[in-house]
1. Is region 215-225 home to any residue that is in contact (Cβ under 8 Å) with a residue 60 or more places away in the chain, over 27 Å from residue 44 (Cα atoms) and assigned by TED's automatic domain parsing to the domain that holds residue 139?
2. Of all the residues that make up region 293-330, how many are at pLDDT below 80 and out of contact with any strand residue (DSSP E or B) (no Cβ under 7 Å at 6 or more places or on another chain)?
3. Kindly evaluate residue 155 against the criterion of being within 21 Å of residue 648 (Cβ to Cβ), outside the structural domain of residue 643 (by TED's automatic domain parsing) and at pLDDT 90 or above.
4. Would you point out the residue of region 593-622, among those that are polar (S, T, N, Q) and in contact with a strand residue (DSSP E or B) (Cβ under 7 Å, 6 or more places away or on another chain), that is surrounded by the fewest Cβ atoms within 10 Å (Cβ to Cβ)?
5. Just wondering, is there one or more residues in region 625-635 that are out of contact with any Lys or Arg (no Cβ under 7 Å at 6 or more places or on another chain), under 29 Å from residue 700 (Cβ atoms), in the same structural domain as residue 473 (by TED's automatic domain parsing) and in contact (Cβ under 8 Å) with a residue 24 or more places away in the chain?
6. Quick one: residue 698 ticks every box in (1) touching a residue at least 24 places away in the same chain (Cβ under 8 Å); (2) under 22 Å from residue 607 (Cβ atoms); (3) surrounded by fewer than 21 Cβ atoms within 10 Å (Cβ to Cβ) bar one, so which box is it?
7. Would you mind telling me which numbered condition in (1) over 18 Å from the mean Cα position of the chain (by Cα); (2) farther than 21 Å from residue 647 by Cβ; (3) at pLDDT below 90; (4) surrounded by fewer than 20 Cβ atoms within 10 Å (Cβ to Cβ) residue 90 fails?
8. Within region 255-287, restricting attention to residues that are polar (S, T, N, Q), buried (at least 16 other Cβ atoms within 10 Å of the Cβ) and farther than 21 Å from residue 236 by Cβ, which residue is nearest to the chain's Cα centre (by Cα)?
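The values are calculated or read from the model by the stated rules, or taken from the named source; none is laboratory data. Here the structure is a predicted model, which means the values were calculated and not measured. Here the Cβ is made from the backbone with ideal geometry for all residues, glycine too, and neighbour counts use every protein chain on show.
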Amino acid sequence: MTSHVTTTASSREREPDSVAGSDRKPAYIPEVQGLRTVALLLVASFHVWFDRVSGGVDIFLLISAYLLTRSHTAKALGGALTNPARTVIAKFARLLPAAAAVIVLTLLGVYFVDGPRYALDSLWSAIASATYWMNFLLQANQVDYFAAQVGSVDPYQQFWSLSIQGQVFVLWPILHLAAELVARLIKRDVRWVLTPLFAAVTIASFTYAITLTAANQQHAYFDSAARLWEFGAGSLLAIVVPLLRLPRMLRIAMSWIGLAGVILCGIVLPVSSTFPGWAALWPVVSAGLIIAAADSHRGDDNASAVNPFLAHPWLRLAGGYTYALYLTHWPVLVLAESLTGRSAATPLLGTIVLAISAVLAVLVARLVERPAAAVVAHAAKRTSARAHLLRSRHSANPRPRRFVFLKQMATPALVATVAIALVLGSVLGMRQLSGAQLASINSRLDALEPPLVNAAEPWTYGAMNPGLDAGERLIPTHDDVKMAWTVAGTHCTDLGLTLSTKFCWQQEPQAPTGELRDVLLVGNSHMAQAAAMFDVLAQAPEHNLRVRSYVGPGCDMNLANWDLAYSDDMPEGSREETCQKAWAAAGQYAREAAPDLIVVLGSRQGMPDEGESFFEGLPSWIQTIEGTLGSEVLVLRDVPRFAKDPFLCASDNGYASERCSNPAPPAADAAEVAVIEAAGGTWVDLTPAICPDGQCRPSMGGVVTYMDDNHITRQFYQSLTQQLCDAVAPRIQWFPAQAWPGIV
């Protein structure tokens, strides 16, 4: 490993300014190139092997602003004004070709691995990635809980950070030009204007990031304004570092401490749930130490690297492929997991994913990124020569200079335009291809005869008649399967409670014949779907059941909120706010109404390779409920969850296709179940009825089973009602033994 890196013209390499490429800088900084490589390797390896986020993206954002401001400031001190149009066009001419190639390849991968429906779902993501607003699209998709269920993880998700960078690459040159004009007006060094400008941006953005992260971290993670402080910090660093005079030993210590911080960040911090707030200072400060140590005034040791590891030729060589590897590793990982039906890569699969990603990165860099850059550089060299000739001939005439500028921008603009056109053309082609295939599939489904079963007679289909072969003449019909989830009954009326929530439904019994029994359901969307079984029971007058449901999407078991008064601290309209309100209202209703039965989920099924988790504190909560309220507690096991949507798979391949069938999860942990039952809970597992013979099929007995990758259709749940009665009635004396009295 070398400890000495020269910086002569022959040894200088083109240094990208982030995970993306950039212009040649005043001096090459080998440690920064190595830092970029380390950050990218952390991003890729943490994604692939550990299913975590490393904080490497924050380092990319810092470096991009550092090198951008470093370049523009040096030119401004030399008397040149920043030309935003030239800078932006040149920048995107370098970024877009490789991005376009990966976008198109990803679209093809989604089509062949996941099918035409997923390809259609990906079209907007492809467009957003090519036009640098992917972070906004991801924010918008978070609003709709079920949007995440339409497909697997977005294969273009890595473009969120590149989109923010692209937005800053437009904004920053404008800020630099404004600062340079003000500096000329007041006759001061441009750094006197840039420093307070970027300080204000950094402070304002960081304050906003802290506030938004506390209120809605998922939204803040992709928010451009909440990320500007990382760019601002990089720009401030670029202004201050050249003025520093640091002893070599201090710089060496700073560099190694910073490197340790960069590597440990993703291991120590829960990056994906705490950034971009206070926790993001860790990677930003760590990278800042490395940059300051590497690029501060070196005196006599100017050519000597302070961190031989980061300056190693291998890391600098790999640095030339980091942009391409950042582009390729995520879609390869997502498609590999989809192909194998896993939600996280095993060590072997992760190694294969990284190997394929690296090969693709080399191909993209050598066949697309570098040739496009060479074309732009060659054109720039030719126009510069012509510009010099024109200046000598027309030094007093400004018009030829404007003409030269247009000539200089023609090739970069053409390269960027061709890249975007390639993406848009591929999107249109995929839309036509997938649309034609889906039209054929839908036409075939529309031509089917009416379903073999009567939707009003759930005792004749689904789990009640699993051997019925209805082909594709199923209920619900194809167009109705993806309808938003609904809970039977009406929205709760005011029963004198102080708390209300939009996630509350009540089902009154029809002509009851005896003493009413109150049933309370509380939980997430899985409980909302399971409510269909209790709706069936409430419709029979003989059962005398009154059902009240506090259920909402994403509202997992939250025992803490059960006894807490609702707080107005949560952001209005957010999922956290609506869930907290629903749980608090359910707790108040339970304390005042003392229902005969409270129904909750006892576990959460993960993807096939993740296993099942049980809600912490549930046994003690059951004891408290039964001891204070006298209510029975029914605990349902969560339904199986899959890596791929069975309904969409069956829509593309047919309901009889083996590729759309998934193995049932293993039996629930007997020890966990024993603890729940010892506490007084009644544990019910309907998995054997959902997945008979160990196979979870997309349809059964004339009914579509799953509406997506983890939600059972209402119709199939209705057909499970008798299985529920069979499991509960022997243990809770008053619970109905027959779902449909007089019929079954």
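1. yes
2. Residues that pass the stated criteria total 8.
3. The answer is yes for residue 155.
4. The extreme case among them is 613.
5. The answer is yes, given that some residue of region 625-635 is out of contact with any Lys or Arg (no Cβ under 7 Å at 6 or more places or on another chain), under 29 Å from residue 700 (Cβ atoms), in the same structural domain as residue 473 (by TED's automatic domain parsing) and in contact (Cβ under 8 Å) with a residue 24 or more places away in the chain.
6. Condition not satisfied by residue 698: (3).
7. Of everything listed in (1) over 18 Å from the mean Cα position of the chain (by Cα); (2) farther than 21 Å from residue 647 by Cβ; (3) at pLDDT below 90; (4) surrounded by fewer than 20 Cβ atoms within 10 Å (Cβ to Cβ), residue 90 misses just condition (4).
8. Looking at the filtered set, the residue picked out is 272.
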